[in-house]
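One structure below.
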């Protein structure tokens, strides 16, 4: 209370406390926005880097016209088998020139000296992109890593596209360790070289078993999941070897769904990429999509529609009358759905094939299920044909 | 108040008033910062190139259905809204179109086809009916006034707004020759 003698102790304490709370809260707000500004500045640099790479590739495509894109290949001197080399592709243009697009990392060494004179040596990676001999260094590179899912998507005769217009997508994803920003370089373009239809290929039907030479030393058993006529040079297959499904050794999910574990974009895709690196003859290695799974098990239309209805708590479809090979093991598909529409940051529920209860159903993200990759591969790798 | 200082109720009322003012300011400033960040997804380099792929496809399509669509005859507010790959039923190469717009390639969420210049009717419709991201993009878009001396050159000019699933939004012009595609292509 105020009186003519000045402030009482309690008034002073109250004033100081109030002022301090206000100052601390303002300080926290200011720091928060300073950090945001710094993050935004790094993000802008990364966006400028990404734009520069995309513009330079697109300029070539617009000016010369793209013929086709292929992986960089290396020939085994003994077997003369061609295998893919690293994260490298070649863009072939219509004027008969070509440019290599390579995603690489420089490993650098450094050391920290301790006060007692000892030192710790450590290594770190500086990612960069080389396109047509020009090197594009990633800004703030010491804090940026490349996701292990370098992708070259390409259409094939199997897709049934009118006039076989080829479509390509080059995609590289970067992650900055400190800021919440995924920067991906993505270029979608057409080529002019069309695959010529030939009538010399063997035809396959859904359910046919094939033994595929996935690399120089390994053969694996697969099942055809898409009819392929004698005009088609490629096969779409589901892994069906005696291992049933591949359970990655290093996989570790955070089972706390509220932490926003992103099923579709992170851990599993990296595992698929690792398999793709081992099976270099395959033009694409991926997971079975929900749409493919539901058609293969002949799921009713009502069930297919439930994928858009996240309010249905436990949709499932019985596999009792489905192909035995599709329910021979439990495995993930590539699709998820929102766990809870009111909590979009929660992890996706994942569509799985469950061999134990013979159902196509959705479950929370966890490590109990295996990978059964789908591969798209040329028919020449069928060991039986 | 009297000469003895503030009573409890005066202090509480003042504190509540100050806190209310503070909350009001924060609540109005924070969304503006969010909007600024969101604007970084507008008209990015790759989204313009991606939209160009869709433009190439539409310009090459000689489907009569697309020509009918482009006439905007009896279409209120002069626009069409397409969810995902819905537009593919109007183009000649529908399999290619579905592949191009799919998650594997462009990953398109929505397409809006409207007139070359952005009309007030379209904007006011967008304000009331479109989702927030699309609505805010349309509100801040240029109106693209037709500056051609010969207005007939722009009789078949249209504008395509593309919303991608990763939040990017862009728009691109389509210059048709009035025959439902196959001409006027700049690519």
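Brief remarks on what is shown
- Top-ranked residue in region B:106-121 [being within 13 Å of chain A (Cβ to nearest Cβ) and surrounded by 21 or more Cβ atoms within 10 Å (Cβ to Cβ); ranked as farthest from the chain's Cα centre (by Cα)]: B:106
- So residue A:193, is it surrounded by fewer than 15 Cβ atoms within 10 Å (Cβ to Cβ) and either under 30 Å from residue B:48 (Cα atoms) or within 12 Å of chain B (Cβ to nearest Cβ) (or both): yes
- Search result, residues across region A:57-72 that are within 11 Å of chain B (Cβ to nearest Cβ) and surrounded by 15 or more Cβ atoms within 10 Å (Cβ to Cβ): A:57, A:58, A:61
- Residue that is farthest from the chain's Cα centre (by Cα), among those in region B:71-81 that are surrounded by fewer than 20 Cβ atoms within 10 Å (Cβ to Cβ) and within 18 Å of residue B:171 (Cβ to Cβ): B:72
- Condition check for residue A:50: part of a strand (DSSP E or B) and in contact with a helix residue (DSSP H, G or I) (Cβ under 8 Å, 6 or more places away or on another chain): no
- When B:68, B:93, B:2 are screened for being within 10 Å of another protein chain (Cβ to nearest Cβ), closer than 30 Å to residue A:159 by Cβ and either more than 22 Å from the chain's Cα centre (by Cα) or at pLDDT below 90 (or both), only B:93 passes.
- Only one of the listed residues (B:62, B:50, B:41) is in contact (Cβ under 8 Å) with a residue 12 or more places away in the chain, surrounded by fewer than 16 Cβ atoms within 10 Å (Cβ to Cβ), within 14 Å of chain A (Cβ to nearest Cβ) and at negative phi. That residue is B:62.
- Test: residue in region A:24-36 that is touching a helix residue (DSSP H, G or I) at 6+ places or on another chain (Cβ under 8 Å), within 30 Å of residue B:50 (Cα to Cα), within 11 Å of chain B (Cβ to nearest Cβ) and at pLDDT 85 or above: no
The values are calculated or read from the model by the stated rules, or taken from the named source; none is laboratory data. In this text the structure is predicted, and so the values were computed from the model without any measurement. Cβ coordinates were reconstructed from backbone atoms using ideal geometry, including for glycine residues, and neighbour counts include every protein chain displayed.
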